[in-house]
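Remarks on the structure that follows.
The values are calculated or read from the model by the stated rules, or taken from the named source; none is laboratory data. Note that this is a predicted model, so its numbers are computed, not measured. Quick reminder, even Gly has a Cβ in these numbers, built from the backbone with ideal geometry, and neighbours come from all protein chains shown.
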Amino acid sequence: MEGVNGAGGSECERKPLSEVVGDCVQRWFQDAFKEARKGDVANQVLVAQMFFSGYGVPKNEQKGRQWMDRASKYRSSALKVGMKRPGYNASDSDSDEANDDANQ
């Protein structure tokens, strides 16, 4: 019987899903960090969010603030989303604010 990854063998060694997802999140952080260092503002915001939340990297609010400060020099809306979940965009904040106003 052939394994999932194409390797031969009768026993298929599988990783727990949480480990696979953890590996993917770490790679996502590494890719975003690489682009952020090159000056990509969207990835600078993403790296800041990941540091703030500890998503894919150990939580570090100081580093999150440093990356958010760097991003906000070029995109003032970055400050609106700094403490949001990773991947949250500034354009998302407008719809959230409208929903918050409607719920009050």
Of residues in segment 56-91 being part of a loop (DSSP other than H, G, I, E, B), touching a helix residue (DSSP H, G or I) at 6+ places or on another chain (Cβ under 7 Å) and within 12 Å of Q44 (Cβ to Cβ), the one modelled with the highest pLDDT: Y74
Regarding V45, is this residue part of a helix (DSSP H, G or I) and without any contact (Cβ under 8 Å) to a residue 12 or more places away in the chain? no
